[in-house]
Protein chains: 2
Amino acid sequence: MKKSWMDEIKFDANGLVPAIVEDATTHEVLMMAWMNKEAVERTLKTGKTHFYSRSRKSLWLKGESSGHIQKVKKIAVDCDGDTLLVSVTHVGGACHAGYRTCFYRRLEDPAKKWKVVGRKLFDPKKIYAKK
Amino acid sequence: MKKSWMDEIKFDANGLVPAIVEDATTHEVLMMAWMNKEAVERTLKTGKTHFYSRSRKSLWLKGESSGHIQKVKKIAVDCDGDTLLVSVTHVGGACHAGYRTCFYRRLEDPAKKWKVVGRKLFDPKKIYAKK
């Protein structure tokens with residue numbers, strides 16, 4: 001039987017594949033999260049990124065709490081088939097800490113410490129209100 | 001004792017952290033590979049990306065075979081401390097298959113197949129000559 005596009009994705013022993021999310025226009029890397037097969041399928045079907053939470057052991061829609069949905073423009077796979085690169089349009093902050101990107105800390109060398117260099121776009125306390 | 005910058009990186013159960021490599025100028029994502037603590041240290045010390053190969057169970061310098069070294073410009077860590085983003089200058093192809101980026105295949109929807117869209121920059125047979 002001919003291999004489907006899904007068969008070409010190599011999920012790890014836990015059934016997961018890392019998915020890098022970038023801004024489709026600027027290519028800024030926004031975040032990295034994990035997808036299982038169902039998350040990949042839902043992402044493709046809905047056009048909105050879905051991931052698998054290893055801590056909560058459940059599927060989640062990016063933006064389900066914050067409203068900061070990511071609309072999928074492109075999905076690429078790497079040479080080994082074991083990492084995805086998802087290009088999205090994303091309004092607002094992609095990071096739950098309120099920053100545009102989760103990679104908001106940069107290593108200062110030779111000081112050897114992480115310095116916050118990212119743009120803070122929202123106050124997490126206001127967005128993720130206790131229910 | 002005060003936590004060092006290295007202590008803030010959360011390595012997984014196998015002592016590894018995923019490292020996304022992007023072009024420092026265009027932000028194009030070039031590849032994703034894994035680093036252990038030693039790979040992070042060597043990358044910082046030498047200014048050239050080093051990774052840990054899970055299949056070969058050993059450290060490797062990117063470009064050790066191809067000569068396509070990546071010079072490190074910035075290292076960022078994500079909010080959870082469990083993924084690195086390394087910004088590099090990279091001349092030539094970053095992918096062992098000869099492409100600029102490892103993410104040279106894009107999902108065509110609704111055809112549902114991976115289409116090669118990347119630029120091929122070298123012939124792997126010539127670069128990785130049998131020794």
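Overview of results
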read-out	value
Straight-distance crosslink candidates among aspartates and glutamates, where the alpha carbon sits under 15 Å from residue A:37 and sequence neighbours closer than 8 are dropped	A:7, A:8, A:12, A:82
Estimated dipole of the stretch A:28-131 in Debye, rounded to 20 [Cβ of Lys and Arg +1, of Asp and Glu -1, Cα centre]	600
Rounded tilt (10° steps) of B:37-46 against the dominant C-alpha axis of chain B	80
Shortest-first distances to equivalent copies, position residue B:91, nm, label 7 Å out along Cβ	4.5
For residue B:45, net neighbour charge (Lys/Arg +1, Asp/Glu -1) across residues whose Cβ lies under 13 Å away	+1
The protein assembly as shown - Debye-derived log10 I(q)/I(0), Cα point model, q = 0.10, 0.16 Å⁻¹	-0.50, -1.33
Inter-copy spacing of residue A:14 label points, which lie 7 Å from Cα along Cα→Cβ, given in nm from shortest upward	1.2
Given chain B, longest segment not containing exposed loop chymotrypsin sites (Phe, Trp or Tyr not before Pro) (DSSP; at most 16 other Cβ within 10 Å)	B:12-127
Evaluated at q = 0.12 Å⁻¹: base-10 log I(q)/I(0), Debye formula over Cα of the stretch A:1-65	-0.33
Hz values of 3J(HN,Hα) by residue in the stretch B:112-126 - Karplus curve (6.51, -1.76, 1.60), Gly and Pro given as x	6, 8, 7, 10, 6, 10, x, 8, 8, 10, 8, 9, x, 4, 7
Label-point separation in nm, residue A:125 to residue A:82, each point 7 Å along Cα→Cβ	4.3
Inter-copy spacing of residue B:55 label points, which lie 7 Å from Cα along Cα→Cβ, given in nm from shortest upward	3.3
Distance between modelled label sites at residue B:71 and residue B:25, nm, 7 Å Cα→Cβ extension	1.1
Dipole magnitude of the stretch A:37-96 about its Cα centre (Cβ charges: Lys, Arg +1; Asp, Glu -1), debye to nearest 20	260
Karplus-derived HN-Hα couplings along the stretch A:90-106 (A = 6.51, B = -1.76, C = 1.60, θ = phi - 60°), whole Hz, x at Gly and Pro	9, 8, x, x, 8, 9, 5, 8, x, 8, 4, 10, 5, 8, 9, 10, 10
Size of charge dipole - the protein assembly as shown - debye, nearest 20, with Cβ of Lys, Arg +1 and Asp, Glu -1, no other charges	40
Selection from A:81, A:58, A:101 lying farthest towards where the dipole of the stretch A:58-131 points positive, charges on Cβ	A:101
Rg in Å to one decimal, and Dmax rounded to a whole Å, for chain B via C-alpha atoms	15.9, 56
In order through the stretch B:70-80: 3J(HN,Hα) via Karplus (6.51 cos²θ - 1.76 cosθ + 1.60), integer Hz, x for Gly, Pro	10, 8, 7, 9, 8, 10, 10, 10, 8, 3, 8
Helix-only CD estimate at 222 nm, as mean residue ellipticity for chain A, using -39500 (n - 2.57) per DSSP H run (n ≥ 4)	-2500 deg cm²/dmol
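Every read-out reported here was derived from the displayed coordinates using simple, explicitly stated rules and does not represent laboratory data. These figures come from a predicted structure and were not determined experimentally. Because the Cβ atoms are built from the backbone with ideal geometry, glycine has one as well, and the counts that use them run over all protein chains shown.
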